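Read through the structure below, which is laid out as structure tokens, and then see the notes.
The values are calculated or read from the model by the stated rules, or taken from the named source; none is laboratory data. The structure displayed is predicted, hence computed values, not measured ones. Don't worry about glycine lacking a Cβ; one is built from the backbone with ideal geometry, like all the others, and counts go over all protein chains shown.
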Amino acid sequence: MITWLWPWMALLLPLPLLIRRWLPAARSEAAALRAPFFEDWQALEQSRGSLGGTTGLPTLILLWLLWLCLLTAAARPTWIGEPVQLPASGRDLMLAVDISGSMRVEDMQVGNNLVRRVDAVKAVGAEFIERRRGDRVGLILFGSNAYVQSPLSFDIATVERFLREAQIGFAGQETAIGDAIGLAVKRLRERPAESRVLVLLTDGQDTASSVDPMDAARLAQGLGIRVYTIGIGADQLAIPGIFGSSFGSRRVNPSADLDEESLLAIAEMTGGRYFRARDPQELAGIYQLLDQLEPVEVDAATYRPRQALGHWPLLFALLISFGLAARHLWRLRGSGPLVTGETARE
């Protein structure tokens, strides 16, 4: 929308008419000097006036447009945009996601199809991140090593994109749970103590960390960082038999390597909770429960962007001035040569 900072400038619109009405043209009382051939000069001036003097209708319209543009600029028009929500000072939430080789196992039931664990984590995790508006959200990806893919940021759209773009093997094929916790502690320790949260998701056990997971958990406990752990993977998976038939088929536990005992101990030590996600529906329910356990603190602070527009009417006024000047010069050019004294004598 457009607003006017000085709308009272519109009261000056009839000012030219008032000046013309109450202040007539000045008359000179000085002694006049007799000029020869006055009739010839008067005839020349009348011929120029017949070409369209300053009192002509087009010139009058342009002058009024010029005056209107100047008043519009003086009124200081300003465009005010739609309200924009300011980032709220919510929680500092770090999401640590396992992208080791085991995350390619297809045991996540979606309808009648089985999808890879990492694909289910991406889809459900992206929805969770989207709901964390007002929080600073960061992303750690870990396999054989742990990496900060995105630091803590209010830009949750970028964090969500980084999660969707994560690929298995980027961080190695093994699992470094302790290193992931230690890296999250390093990023969260400078943040306010009341808002430090780590959500760690894995499908296995620690096999590659340089820091023992329990030592990293004790460090998180000392700094007041709550760690929520999620173990992902189905309990049963049917392996088809010969040529895809039921002959020779068997059922296996694809989550046999999941170290639930350590994940539970880490969560209890730091004041968090351990969750088990056997399919995408359970994982979605866990993230919804996390929203309740760690609600987003949203402030009502908003602002509306402003942009001054006064330069546009000033530009139009300048163009009109150029037009009036060009019209005046064209009129002088079309009036012919001036009548000199010697021409008049002839």
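Can you find a residue in segment 75-87 that is in a strand (DSSP E or B) and at pLDDT 90 or above?
Within segment 75-87, not a single residue is in a strand (DSSP E or B) and at pLDDT 90 or above.
Being outside any loop (DSSP other than H, G, I, E, B) and crowded, with 18+ Cβ neighbours inside 10 Å is the filter here, so list the residues in segment 258-281 that pass it.
Ser262, Leu263, Ile266, Ala267, Thr270, Tyr274, Phe275, Arg276, Ala277, Pro280
So if I check each of Ala184, Ala176, which one is modelled with pLDDT of 90 or more and farther than 16 Å from Gly231 by Cα?
Ala184
State which residue is farthest from Ala96 (Cα to Cα) when the search covers only segment 145-173 and only residues that are part of a loop (DSSP other than H, G, I, E, B) and touching a helix residue (DSSP H, G or I) at 6+ places or on another chain (Cβ under 9 Å). If you could, list the steps in order and put the result at the bottom.
Of segment 145-173, the ones part of a loop (DSSP other than H, G, I, E, B) are 145, 154-155, 166-168, 170-171, 173.
The next check asks that each one be touching a helix residue (DSSP H, G or I) at 6+ places or on another chain (Cβ under 9 Å); those that pass are 145, 166-168, 173.
Numbers: Asn145: 12, Ala166: 12, Gln167: 14, Ile168: 14, Gln173: 16 Å.
Per the stated criteria, the residue is Gln173.
Please list, ordered by first then second residue, the pairs with beta carbon atoms under 6 Å, 6 or more apart or interchain, first in segment 278-303 and of a type outside the set (A, V, I, L, M), second at pLDDT 65 or above and in a helix (DSSP H, G or I).
Pro280/Ala120; Pro280/Val124; Tyr287/Phe128
Scan segment 16-27 and give yes if some residue there is modelled with pLDDT of 70 or more, surrounded by 10 or more Cβ atoms within 10 Å (Cβ to Cβ), over 16 Å from Ser321 (Cα atoms) and of a type in the set (D, E, K, R), otherwise no.
Yes, segment 16-27 has at least one match.
For segment 151-162, which positions are crowded, with 21+ Cβ neighbours inside 10 Å and in contact with a Leu (Cβ under 6 Å, 6 or more places away or on another chain)?
Val159, the sole residue that qualifies.
Among all residue pairs at least 6 apart or on different chains, which show Cβ distances below 7 Å where the first residue, located in segment 50-64, is farther than 16 Å from Phe316 by Cα and the second is at pLDDT 80 or above and part of a loop (DSSP other than H, G, I, E, B)?
Pairs found: none.
Name the one entry in Ala120, Ala146 that is touching a strand residue (DSSP E or B) at 6+ places or on another chain (Cβ under 9 Å) and closer than 17 Å to Leu198 by Cα.
Ala146
Restricting to segment 89-144, and then to whatever is surrounded by fewer than 21 Cβ atoms within 10 Å (Cβ to Cβ) and β-branched (Val, Ile, Thr), can you tell me which residue is nearest to Ala284 (Cα to Cα)?
The selected residue is Val110.
Return the residues of segment 214-233 that are under 38 Å from the mean Cα position of the chain (by Cα), not in a strand (DSSP E or B) and not aliphatic (A, V, I, L, M); say none if nothing qualifies.
If the condition is that a residue be under 38 Å from the mean Cα position of the chain (by Cα), not in a strand (DSSP E or B) and not aliphatic (A, V, I, L, M), then Gln221, Gly222, Gly224, Gly233 are the ones that fit.
Before we move on, is Pro254 at pLDDT below 80 and surrounded by 12 or more Cβ atoms within 10 Å (Cβ to Cβ)?
No; evaluated as a whole, the condition is false for this residue.
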